[in-house]
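A short worksheet on the structure shown next.
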Amino acid sequence: MQTPKTLVILALALSTTAFVAARANAEELTVISFGGAVQKAQEKAYYEPFSKETGIKIVAGEYNGEQAKIKAMVDTKNVTWDVVELESAELYRGCEEGLYEQLDFAKIGDTKNFVPKAVSECGIGTFVWSTVLAYDADKLTTRPASWQDFWDVRKFPGKRGLRKGAKFTLEIALLADGVKPADVYTVLGTKEGVERAFAKLDQIKPNLQWWEAGAQPPQMLAAGDLVMSSAYNGRIATAQKEGKNLKIVWSGSIYDADHWAIPTGTPKQALAYKFIAFASSPGPQKVYSSEIAYGPTNLKAVEALDPKRVADLPTAPKNLEGAVASNTQFWVEHGEELEQRFNAWAAK
Amino acid sequence: MSVAIEMDGGVPNLKARLRRAERLTKLKYIGLIIPLALFLLVTFLWPIGSLLYRAVANPEVIEALPRTTQALRGWDGETLPGDDVFDAFAGDLDGNRRSPVLAGAAKRLNMEEPGFRSVLINTARKLDRQPGQSAKDAILAVEPRWGDVSAWRLVARNGQLVTPFYILSALDLRITDDGAIVRAPDDQAIYVEILLRTLWMSVVVTALCMLLGYPLAYLLAQVSTGTGNLLMILVLLPFWTSVLVRVAAWIVLLQKEGPINKAMLALGLITEPLQLVFNRFGVYIAMVHILLPFVVLPLYAVMKSIKPAYVRAAISLGAPPFSAFWKIYFPLSLPGVGAGGLLVFILCMGYYITPALLGSPREQMASYFVAFYTNETINWGMAAALSAVLLSATMILYVIYARHFGPARANQITPR
């Protein structure tokens with residue numbers, strides 16, 4: 001009897017010391033991003049150098065942008081995520097609903113150094129990404145040049161991939177139907193415009209395959225499951241670096257920014273600011289954009305980048321021709337309605 | 001009571017003592033059950049109760065606009081509200097211009113009228129009352145939408161603590177501006193179809209499980225114990241593997257370049273790879289695979305308890321083997337069929353991960369949409385309403401089952 005009791009006490013004592021030690025050594029920061037290739041680049045550009053410089057350990061996590069967990073944390077005042085990466089619409093909505101702290105930019109950097117879209121009440125843009133048309137050049141002899149070709153089932157037989165959801169899908173449908181990039185959201189704001197987008201999608205519904213995670217399209221394209229697909233440009237560029245002959249059509253691409261934000265009530269706010277300030281400075285942003293083909297938000301980082309690299313980024317002037325800027329306001333207002341409509345349409 | 005006992009002497013006294021002893025045992029039983037009862041209450045009934053409440057709860061607008069909703073109580077709903085309402089509204093907005101509470105109300109109203117979010121938020125942010133200007137003029141100057149009766153009807157409708165909105169939406173119904181309940185337009189109606197699909201897929205999976213599981217359980221019950229145990233391990237083996245692993249394994253097996261398609265191509269059975277996954281077929285295969293043990297185990301337990309003597313007696317009395325099985329064995333195994341079928345059916349009704357991974361949007365069942373509203377749009381009212389509808393559908397089916405095939409019924413079926 002004696003031995004187990006001693007053991008239990010010993011184990012208890014040990015775990016308490018470990019716990020206390022972890023407490024005392026509280027220099028840890030939980031940063032949540034979209035994972036995959038994005039996270040790999042963030043590790044190299046932000047997490048590792050930041051830890052080296054400050055001694056603060058970064059606990060890196062990933063998610064797919066779902067806000068439920070953050071809301072639950074903020075509501076129960078038990079916030080364990082200190083910094084999160086967000087898409088624009090979620091940031092905007094979460095900011096209004098009090099999920100994210102209003103940022104004090106004095107602690108981050110001069111707002112003049114950032115592209116205008118990057119600065120908002122609760123977030124600082126960290127990179128610009130784009131949804132593009134991608135295909136495998138080894139498998140297609142004739143090359144698609146636009147979303148019109150995406151719809152041309154006769155010229156390019158086979159399955160096509162789109163991101164599951166209304167956002168971007170409806171814009172793409174309207175672009176394919178001949179709407180000018182500048183008019184996409186005006187048209188989509190009307191009832192007829194929504195009808196038009198869904199009618200256009202109906203034309204290729206049997207040929208569509210939906211994807212959800214950004215890592216899927218390059219895989220499916222390379223495996224030959226898809227003849228072409230919408231995809232995040234950075235993922236395609238990463239696959240190119242791995243030797244896949246995937247190609248990007250920039251015309252008709254839809255670009256948006258991802259942001260850093262601080263969930264309301266995290267006990268490590270000061271550290272969170274420190275991290276965000278570091279990750280928004282030109283040096284690390286330059287490393288990030290060299291690792292993955294997403295555009296920096298810090299203008300000084302753009303200047304410092306290799307011009308050859310800049311040509312791969314969504315922010316390159318050539319790539320912005322015929323591109324659509326994602327309209328956050330539109331999606332904040334119509335997101336729920338259109339997502340529901342999309343679900344109803346897709347489930348039939 | 002004690003008086004009666006004393007009066008009647010010896011024998012009733014014994015009765016009373018017996019009763020007391022029984023009462024004591026009963027109390028002991030209750031004492032033993034209490035922890036379980038409490039556990040069920042805390043982990044089961046209370047969460048379900050709060051879930052059901054969430055499906056009708058509507059606190060957002062009242063929290064954000066307490067004075068406005070109060071003032072709107074006396075409004076006729078036909079003409080534009082009077083100055084008192086506008087004053088109350090301006091007062092409410094002054095109190096919480098940038099508060100999350102207001103955003104909550106904006107989100108709630110936006111569900112019923114897309115675009116209303118910015119009407120409310122803009123009014124709150126831009127409202128700037130000049131000295132001498134009435135609240136009405138100031139509000140209308142910022143946002144002319146408030147000059148429309150329908151905007152006020154929307155707010156008034158949500159001035160109640162409970163709303164039928166979520167439940168109605170989960171049944172593809174809408175409430176119009178004047179309070180009538182109408183069917184949702186075809187292009188937005190979805191949940192009734194999803195519910196029917198959930199039921200149908202559950203019926204198919206249950207039937208397939210039964211078709212495969214019944215002969216298997218019969219075999220298990222008939223063979224010697226040694227062989228039986230070995231076969232049982234084979235049945236249980238998948239049980240010890242994570243569902244996700246099994247689903248992933250099916251993707252590998254069934255995909256276009258997968259071994260099954262390749263084998264069939266090599267054998268010349270097909271000339272083009274078949275689409276076996278990301279459709280109904282793949283979902284059925286994986287669900288039947290995962291749920292099969294749930295039908296085999298109860299069937300096996302029941303079949304093991306059927307004495308072989310009954311069937312032998314029937315045969316010795318001249319019944320052909322099939323009719324001995326059908327008239328004697330099968331009715332005796334019905335409780336197992338009922339229990340296994342019900343178990344699988346109810347599990348199917350709430351299935352999520354397999355259709356989500358192996359199906360196309362056309363295979364998604366009700367739980368998928370519960371997850372969608374919980375995680376992605378954070379519309380917990382809608383998630384709760386869909387769960388409530390699913391729960392009621394399951395309960396109704398259970399009651400029907402209990403009436404017709406329940407334990408009480410099954411026990412009546414005895415060999416004649």
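Observations on the structure shown:
- q = 0.10, 0.22 Å⁻¹, the range B:60-163: log10 I(q)/I(0) [Debye, one scatterer per Cα]: -0.23, -1.26
- Violating pairs (Cα-Cα greater than 19 angstrom) within the set A:Lys107/A:Lys274; A:Lys159/A:Lys200; A:Lys139/A:Lys200; A:Lys155/A:Lys200; A:Lys117/A:Lys247; A:Lys117/B:Lys126: A:Lys139/A:Lys200; A:Lys117/A:Lys247; A:Lys117/B:Lys126
- Taking the longest Cα principal axis of chain A as reference, the axis of helix A:282-291 is set at about 60 degrees.
- Across the range B:191-412, the convex hull enclosing all Cα atoms gives 161 Å³ per residue.
- Residues of the range A:61-197: accessible area per residue with a 1.4 Å probe, Å²: 41 Å²
- Taking Cα centre as origin and charging only the Cβ of basic (Lys, Arg, +1) and acidic (Asp, Glu, -1) residues, the dipole magnitude of chain B rounds to 2320 debye.
- The protein assembly as shown - Rg over Rh from alpha carbon coordinates, Kirkwood radius: 1.04
- With kT/(6 pi eta Rh) evaluated at 10 °C and eta = 1.306 mPa s, and Rh the Kirkwood radius from Cα pairs, chain A diffuses with a coefficient of 73 µm²/s according to Stokes-Einstein.
- Computed P(r) (all Cα pairs; the range A:122-164; 10 Å bins; percent): 21, 46, 17, 13, 4
- B:Ile121 sits with roughly 20 Å² accessible to a 1.4 Å probe, with DNA, RNA and ligands left out of the calculation.
- Those GluC sites (Glu not before Pro) in the range A:238-335 that DSSP places in a loop and that have at most 14 other beta carbons within 10 Å: A:Glu242, A:Glu321
- With semi-axes defined as the square roots of five times the eigenvalues of the C-alpha gyration tensor, the equivalent ellipsoid of the range A:206-337 measures 28, 21, 16 Å, largest first.
- Buried on assembly, the range A:306-341 (at least 10 Å² less accessible surface than by itself, 1.4 Å probe): A:Val332, A:Glu333, A:His334, A:Glu336, A:Glu337, A:Glu339, A:Gln340, A:Arg341
- Heavy-atom accessible surface of chain A: percent carbon and sulfur, 1.4 Å: 56 percent
- Cleavage-rule hits (trypsin sites (Lys or Arg not before Pro)) in the range B:54-156: DSSP loop, at most 11 neighbouring Cβ within 10 angstrom: B:Arg73
- Three semi-axes of the equivalent ellipsoid, the range B:167-319, Cα gyration tensor, whole Å, largest first: 41, 28, 15
- Candidate lysines - alpha carbon under 29 Å from B:Lys15, same-chain residues fewer than 8 apart omitted: B:Lys26, B:Lys28
- Counting only alpha carbon atoms, the long axis of helix B:225-236 and the longest principal axis of chain B meet at about 20°.
- In sequence order, calculated HN-Hα J values of the range B:245-260 (Karplus, 6.51, -1.76, 1.60; Hz; x Gly/Pro): 5, 5, 5, 4, 4, 5, 4, 4, 5, 8, 5, 4, 9, x, x, 5
- Spread over its residues, the convex hull of the C-alpha atoms of the range A:159-202 is 70 Å³ per residue.
- Residues losing 40 Å² or more accessible surface upon assembly, the range B:349-378, compared with the chain by itself, 1.4 Å: B:Pro361, B:Arg362, B:Tyr368, B:Phe372, B:Asn375, B:Ile378
- For the range B:301-312, 3J(HN,Hα) computed residue by residue from phi via the Karplus equation (6.51, -1.76, 1.60; θ = phi - 60°) reads 4, 5, 5, 4, 8, 7, 6, x, 4, 4, 5, 4 Hz, glycine and proline entered as x.
- For the protein assembly as shown, size of Cβ-based charge dipole, Lys and Arg +1, Asp and Glu -1, in debye: 3280 debye
- The range B:374-388 - phi-based ³J(HN,Hα) in whole Hz, Karplus 6.51/-1.76/1.60, Gly and Pro as x: 6, 8, 8, 9, 6, 9, 6, x, 5, 4, 5, 5, 5, 5, 4
- Accessible surface, per residue, of the range B:60-163 when the full set of protein chains is kept, probe 1.4 Å, Å²: 43 Å²
- Average silhouette area of the range B:128-218, convex hull of alpha-carbon atoms, in square nanometres: 10.7 nm²
- Accessible surface ranking for A:Ile262, B:Ile353, 1.4 angstrom probe, highest first: B:Ile353, A:Ile262.
- Accessible surface of the range B:237-308, 1.4 Å probe, proportion on carbon and sulfur as whole %: 72 percent
- Of B:Pro144, B:Ala71, B:Val101, farthest towards positive along the dipole that unit charges on Lys, Arg, Asp, Glu beta carbons give the range B:60-163: B:Val101
- Considering only B:Leu212, B:Gly318, B:Phe281, the residue lying farthest towards the positive end of the dipole of the range B:191-412 is B:Gly318, judged by Cα position with unit charges set on Cβ.
- Cα convex hull volume per residue for chain B (Å³): 286 Å³
- Sequence of B:Phe330, A:Phe156 from largest to smallest accessible area, 1.4 Å probe: B:Phe330, A:Phe156
- Area hidden from solvent between B and A (accessible, protein heavy atoms only, 1.4 Å, total, Å²): 3000 Å²
The values are calculated or read from the model by the stated rules, or taken from the named source; none is laboratory data. Small disclaimer: the values here were computed from a predicted structure and weren't measured. In this analysis, Cβ positions are derived from the backbone assuming ideal geometry, glycine residues included, and neighbour counts consider all displayed protein chains. The protein model used for the area step is the full one, side chains on, heavy atoms only, and it has no ligands, DNA or RNA in it. Shrake-Rupley method; radii C 1.70, N 1.55, O 1.52, S 1.80 Å.
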